[in-house]
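Trainee: The structure under discussion is supplied below as structure tokens; questions concerning it will follow.
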């Protein structure tokens, strides 16, 4: 299917090609046809009859997608997108941290980050040993970001007509640009759009054709009937990777009609709640416009080297000749020579003078207090989303007396919401702000949360625990004790308990079935009595390839004659033909390992919330989890762990005759 956001000349800022997020100028190429002239044509009656026949039939289509881009990645290391090797595949909102750009390093599917892991000392308590990210063992994983798609009958979710008693959103898109399927995802509770946390519920929306009588002839229409709910719902709407709406808030009882007129570059609203949804759109548009006007920022240790080739230098010099008020020049940030002038300007800028925050002053009495609170959170979330990545680049300077005073004054201007409902963009921004603040102040995370509302405390602590659970070994038990005693929001506590109960040492191992290379169903519990080493990988993951060749391959060679030890390589590709090709190539796993496949977001992948690769699970001979981890051990470390795990059940070397 063609990209409906591009076919008619709608130009969007990358990486988001969507109306509500990162919009740029639209180039309208629509040519209107006067309805009155059309009606005067002699062939109008024939056309009307044909349309009537077409509109009287409804084609039921089943559509299934097993891929959804993730949302915002929150980690416990300000200034770094994630551990070395993490990424969210697919196009979505720009990462909260952009110190390092994602690159297609290996030319394969997916994007990897080309940065090195760094030490993190953002602890719950100074006495708690958390995570040393200087260790090679924590050179991690690619976050596939693939979400579960619910299988369902479209008729259960999408009605032919909006019903007066329902909460619904009715959206119209020009036929020439409208997709065959829109993907609607909603959340009643939100931490992060990630399979291990709150992936949300996703549903496909199939279109109907508009008509003259409804005033939407020439448009495809999509109806979203929202579930019954007493609290606000967060929702997004996209075509594949392009968002029309991203993390908007829908209130129970609302009925709204939106025309996404992509040919004219407009989003139009009508309905009793139109002002509120128009305000959500306008805040995002103003924030994106400010980002559009900003200086591009390049994070590099050697600008001269980057400009060393003649073509790049020519392009850079050409950019300097453009009108500066229209084309702000690129700024270079050198880690060893931080731009103190830029940092000072960020800290002394008055955010209340920014257009999207000034817009809040123009909100009238048509908005409820709850709606104003949400819009305020959203506007400040947009601001933090833009400024924090730059402040993180100068984090080392923020603790110096001259900058520290300005930093603390700047923090004092950021409103900390007391609401129990938290906007996703605001949550992302406050999470990043607290992590930066605790780092600059030298505080523990618990100390840094002290001045926040209970709702914010629980969410930020929950994000930390869920993000770091599989990266911790020595500090996991202490972390879980603190979470149990501190987090009081039931749904967050349940998420943590579910992850802990399935992944902790001694937990019963998953006994489901997977597919082998011959498309046969393989039951994992047939390997009960053996020590199992399960490695999870996806095609195109450079870190999967690197870890296999540096660690797993020599470890497999060391143990391959042991019949009491079984290596299992589990792939999560959507394309099984690609899996088979790569499984036998020797690039990601040894061909002599047991090669199995599971669909993304299903089975064992869903059970253990696996969305980052490579990842390992070690299982003892009693068919219980010994360790589920993202830690990438050296060959010697992994050999030692396997020998310790298998030792009690081994009396003498056993030859594997397979």
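The values are calculated or read from the model by the stated rules, or taken from the named source; none is laboratory data. As the structure is a computational prediction, the values presented were derived from the model and not from experiment. A quick note on method: Cβ atoms are made from the backbone with ideal geometry, for glycine too, and the neighbour counts reach across all protein chains shown.
Trainee: Restrict the check to region 384-394 and report whether at least one residue is more than 24 Å from the chain's Cα centre (by Cα) and either modelled with pLDDT under 95 or under 20 Å from residue 193 (Cβ atoms) (or both).
Mentor: yes
Trainee: Does region 153-169 contain any residue that is at pLDDT 90 or above, part of a strand (DSSP E or B) and not assigned by TED's automatic domain parsing to the domain that holds residue 612?
Mentor: yes
Trainee: I need the full set of residues from region 596-616 which are farther than 15 Å from residue 544 by Cα and touching a strand residue (DSSP E or B) at 6+ places or on another chain (Cβ under 8 Å), in order please.
Mentor: Taking region 596-616 and keeping what is farther than 15 Å from residue 544 by Cα, we get 596-609.
Residues satisfying the conditions are 596, 597, 598, 603, 604, 605, 608.
Trainee: With in contact (Cβ under 8 Å) with a residue 40 or more places away in the chain, assigned to a loop (DSSP other than H, G, I, E, B), assigned by TED's automatic domain parsing to the domain that holds residue 558 and closer than 28 Å to residue 475 by Cα as the only criterion, which of 588, 633 stands out? Outline the logic, then answer.
Mentor: Details: 588 fails: closer than 28 Å to residue 475 by Cα.
Only one candidate passes the filter, namely 633.
Trainee: Exactly one of these conditions fails for residue 624: (1) surrounded by 21 or more Cβ atoms within 10 Å (Cβ to Cβ); (2) in contact with a strand residue (DSSP E or B) (Cβ under 7 Å, 6 or more places away or on another chain). Give me its number.
Mentor: The number of the failed condition is (1).
Trainee: Loosely packed, with under 15 Cβ neighbours inside 10 Å, within 16 Å of residue 619 (Cα to Cα) and in the same structural domain as residue 629 (by TED's automatic domain parsing), is that true of residue 526?
Mentor: yes
Trainee: Which numbered condition in (1) surrounded by fewer than 18 Cβ atoms within 10 Å (Cβ to Cβ); (2) at pLDDT below 90; (3) part of a helix (DSSP H, G or I) is the only one that residue 473 fails?
Mentor: That leaves (3) as the condition not met.
Trainee: Within region 483-496, can you find the residues that are touching a residue at least 24 places away in the same chain (Cβ under 8 Å), crowded, with 18+ Cβ neighbours inside 10 Å and part of a helix (DSSP H, G or I)?
Mentor: Selection gives 492, 495, 496.
Trainee: Okay, moving on. Would region 305-313 turn up any residue that is modelled with pLDDT under 95 and touching a strand residue (DSSP E or B) at 6+ places or on another chain (Cβ under 9 Å)? Outline the logic, then answer.
Mentor: Taking region 305-313 as the starting set, the residues that turn out to be modelled with pLDDT under 95 are 305-313.
Next, only the ones that are touching a strand residue (DSSP E or B) at 6+ places or on another chain (Cβ under 9 Å) stay: 306.
The answer is yes, given that some residue of region 305-313 is modelled with pLDDT under 95 and touching a strand residue (DSSP E or B) at 6+ places or on another chain (Cβ under 9 Å).
Trainee: So, one more: Does region 518-547 hold any residues that are within 28 Å of residue 624 (Cβ to Cβ) and without any contact (Cβ under 8 Å) to a residue 12 or more places away in the chain, and which are they?
Mentor: Listed by number, the residues that qualify are 520, 521, 526.
Trainee: On the basis of being buried (at least 19 other Cβ atoms within 10 Å of the Cβ), under 17 Å from residue 628 (Cβ atoms) and in contact (Cβ under 8 Å) with a residue 12 or more places away in the chain, does residue 499 make the cut? Explain how you work it out, then say what you get.
Mentor: Values: buried (at least 19 other Cβ atoms within 10 Å of the Cβ): yes; under 17 Å from residue 628 (Cβ atoms): yes; in contact (Cβ under 8 Å) with a residue 12 or more places away in the chain: yes.
Against the criterion (buried (at least 19 other Cβ atoms within 10 Å of the Cβ), under 17 Å from residue 628 (Cβ atoms) and in contact (Cβ under 8 Å) with a residue 12 or more places away in the chain), residue 499 qualifies.
This table checks each residue for (1) touching a strand residue (DSSP E or B) at 6+ places or on another chain (Cβ under 6 Å); (2) in a strand (DSSP E or B); (3) farther than 17 Å from residue 388 by Cβ; (4) modelled with pLDDT of 90 or more.
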| position | (1), (2), (3), (4) |
| --- | --- |
| 323 | no, no, yes, yes |
| 326 | no, no, yes, yes |
| 329 | no, no, yes, no |
| 341 | no, no, yes, no |
| 344 | no, no, no, yes |
| 347 | no, no, no, yes |
| 352 | no, no, yes, yes |
| 358 | no, no, yes, yes |
| 364 | no, no, yes, no |
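Trainee: Return yes or no: is residue 468 modelled with pLDDT under 95 and surrounded by 15 or more Cβ atoms within 10 Å (Cβ to Cβ)?
Mentor: Answer is yes for this residue.
Trainee: For region 247-266, give me each residue that is surrounded by 21 or more Cβ atoms within 10 Å (Cβ to Cβ), at pLDDT below 95 and either assigned to a strand (DSSP E or B) or not assigned by TED's automatic domain parsing to the domain that holds residue 179 (or both).
Mentor: Matches in region 247-266: 260 only.
Trainee: How many residues, within region 396-428, are in a helix (DSSP H, G or I) and under 25 Å from residue 194 (Cβ atoms)?
Mentor: Start the filter on region 396-428 by keeping residues that are in a helix (DSSP H, G or I), which leaves 396-398, 401-412, 424-428.
Filter again for under 25 Å from residue 194 (Cβ atoms), leaving 424-428.
Count: 5.
Trainee: Return the residue satisfying two criteria in turn: it lies in region 499-521 and is assigned to a helix (DSSP H, G or I) and closer than 19 Å to residue 536 by Cβ, and of such residues it is nearest to the chain's Cα centre (by Cα).
Mentor: By that ranking, first place goes to 499.
Trainee: Output the number of the condition that residue 370 fails; it satisfies all remaining conditions of (1) closer than 24 Å to residue 279 by Cβ; (2) in contact with a helix residue (DSSP H, G or I) (Cβ under 9 Å, 6 or more places away or on another chain).
Mentor: (2)
Trainee: Among the residues of region 591-621, which ones are part of a loop (DSSP other than H, G, I, E, B) and either within 23 Å of residue 558 (Cβ to Cβ) or not assigned by TED's automatic domain parsing to the domain that holds residue 565 (or both)?
Mentor: Matches in region 591-621: 591, 592, 593, 614, 620, 621.
Trainee: Tell me, which residue of region 186-202 that is modelled with pLDDT of 95 or more and in a strand (DSSP E or B) is nearest to residue 455 (Cα to Cα)?
Mentor: That would be 187.
Trainee: I would also like to ask the following. Quick check on this structure: which one of 482, 414 is out of contact with any strand residue (DSSP E or B) (no Cβ under 7 Å at 6 or more places or on another chain) and at pLDDT below 95?
Mentor: Going through 482, 414 in turn, just one is out of contact with any strand residue (DSSP E or B) (no Cβ under 7 Å at 6 or more places or on another chain) and at pLDDT below 95: 482.
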